[in-house]
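These notes concern the structure reproduced below.
The values are calculated or read from the model by the stated rules, or taken from the named source; none is laboratory data. No experiment lies behind these values; they were computed from the predicted model shown. No Cβ is skipped: glycine too gets one built from the backbone with ideal geometry, and neighbour counts run over all protein chains shown. In case anyone asks, the SASA skips ligands and DNA or RNA and just uses the protein heavy atoms, side chains included. Shrake-Rupley method; radii C 1.70, N 1.55, O 1.52, S 1.80 Å.
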Amino acid sequence: MGVFWSRGYHATALPDLLRATKLSRGSLYAAFGDKHSLFLRALDRYIADAVTRMDIEFDPHNEPVDGLRAYLAGYVERTSGANGRRGCLLVATAMELAGQDAEVGRRVAGFFKAMEARVADALSRAKAAGKLADGVEPSSAARILVCFVEGLRVVGKTAPTRITSQATVEALLGRFIE
């Protein structure tokens, strides 16, 4: 996953994968199939890790606004400084392959839908608790927040400071939460 993350799919060559996995060519193909199959497994792992993280952040036993804050704080962490420069495997993959590779496109779209559903659920729970600002519709706000955090990932490649990213998050969240 790290090799694809740092180099991208097309720039990753078989020798890179052999070094990273410490496998011979035959063992790599026997274990994972071709480069594309190995990439899909790496992408699935990255997505599974992100979904697990969101499930923890949006635990329905916790206050929904706290979950939203934890979710957004994670993006501040991942988009500031050196973490931001590293970027996001999913965003890089979406830009490089999603329009050309149907399997990749389905995975990326599925992840964004899963993220949007979790955010919308948290916003709906916040609305039921009277914590959502007047006129904020949870599903529309969720779409905005998903676009926002993925935009933070792109801007993060320029390594903004944590203070800048946090201020941006607070400004947007202040529009949704009372």
Can you give the Rg/Rh ratio of the stretch 1-84, where Rg is from the C-alpha atoms and Rh is the Kirkwood radius? 1.13
If unit charges are put on Cβ atoms (+1 for Lys and Arg, -1 for Asp and Glu) and the dipole of the chain is taken about its Cα centre, the option from Ile163, Met1, Val91 lying farthest towards the positive end turns out to be Met1
In the stretch 1-45, the trypsin sites (Lys or Arg not before Pro) that sit in a DSSP loop and have at most 16 other Cβ atoms within 10 Å of their own Cβ are Lys22
If every Lys and Arg gets +1 and every Asp and Glu gets -1 at its Cβ, then about the Cα centre the stretch 35-103 yields a dipole, in debye to the nearest 20, of 380
Using a 1.4 Å probe on the protein chains only, how many percent of the accessible area of the chain belongs to carbon and sulfur? 57
Options (1) 10.9; (2) 11.4; (3) 13.7 are given for mean projected area of the Cα convex hull in nm², and the computed one is (1)
Mean accessible surface per residue for the stretch 43-178, computed with a 1.4 Å probe while every protein chain stays in place, in Å²: 50
Summing -39500 (n - 2.57) over every DSSP H run of at least 4 residues in the chain and dividing by its residue count gives a helix-only mean residue ellipticity at 222 nm, to the nearest 500 deg cm²/dmol, of -24000 deg cm²/dmol
Relative contact order of the chain (C-alpha contacts under 8 Å, at least 6 apart) in percent is 27
Against the longest principal axis of the chain, how steep is helix 64-79, in degrees 0 to 90 to the nearest 10, with axes from Cα atoms? 40
Need one value: the accessible area of His10 in square angstrom, 1.4 angstrom probe, rounded to the nearest 10. 120
For the stretch 99-174 and the stretch 45-67, what is the separation of their Cα centres, given in Å? 13
Please compute the Kirkwood hydrodynamic radius over the stretch 55-100, one decimal place, Å, based on all pairs of different Cα atoms. 12.2
